Amino acid sequence: MADIVAYPATRLTRPRCSRIFRMFMFPPWMDTFNREERSEIMRRVRSARNASTEGTIVGALRCRHIRGWKLRPPGLPGLPDLFFPNLKLAVFLDGCFWHGCPRCFRAPSSRTEYWRPKIVRNQKRDRKVNRLLRGQGYGILRLWEHEIKSGKGFARLLRRLQLAEE
Ligand SMILES: [Zn+2]
């Protein structure tokens, strides 16, 4: 009897830790959603991430009272995320996954047949869009998601704007 009581019950259960561990190892959506629903969730996660990179850059521009840009203006090849008409500069905010960032791209192990051709297509389209824009006399700046997150993306944009103004 005394031997059993020697281990405090709290140390064995640790409810908070085990719940977090369970969430990490077995996220609830793993088994409650089917494949289509899961890919829809992933799509939303990715588009939310895209919205957040856009929010970072747009927020930084507004914060510094930098004007003379348009958000996703229609009619330009490749539909740039930002456009500076006076400088004829098109800015793209490229997600590291879908545009195949050489630095942080990690290949997922499943559904290769789905994402692989899509990324290759995106990269081809990016190159084509660059050519088209250059052909029409536009400047191009492509910022990677990881650059935007670290703040280097905005720094590059600032440098480019100063260069373009000269
Ligand atoms: Zn990256």
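Values in this text are rule-based calculations from the coordinates and carry no lab data. Remember, predicted model here, so these are calculated numbers, not experimental data. Positions of Cβ are backbone-derived with ideal geometry, glycine not excepted, and every protein chain shown enters the neighbour counts.
Mind listing the phi-derived Karplus ³J(HN,Hα) values for the stretch 54-65, rounded to whole Hz, using 6.51, -1.76 and 1.60 with θ = phi - 60°, and x for any glycine or proline?
Karplus values, whole Hz, x for Gly and Pro: 4, x, 4, 5, 4, x, 5, 5, 5, 4, 8, 6.
Ranked highest first by the average count of other Cβ atoms within 10 Å around their residues, in what order do 68-80, 110-122, 136-148, 87-99 fall?
On the way: 68-80: 13.7, 110-122: 11.8, 136-148: 18.1, 87-99: 19.7.
By packing density, highest mean first, the sequence is 87-99, 136-148, 68-80, 110-122.
Setting aside same-chain residues fewer than 8 positions from LYS70, which lysines have a Cα under 19 Å from its Cα?
In chain and number order, the partners are LYS88.
Please list, in chain and number order, the residues 5+ apart from LEU89 or on another chain whose amide H is under 5 Å from its amide H, with Hs placed from the backbone.
Distant-sequence amide H within range of LEU89: PHE84, GLY139.
Once you order the gyration tensor axes a ≥ b ≥ c over the Cα atoms, which shape class does the stretch 97-164 get: rounded for a/c under 1.5, otherwise prolate or oblate by comparing a/b with b/c? Walk me through the numbers on the way to the answer.
Working: a/c = 5.15, a/b = 1.46, b/c = 3.54.
Oblate is the answer for the stretch 97-164, as a/c is 1.5 or above yet b/c matches or exceeds a/b.
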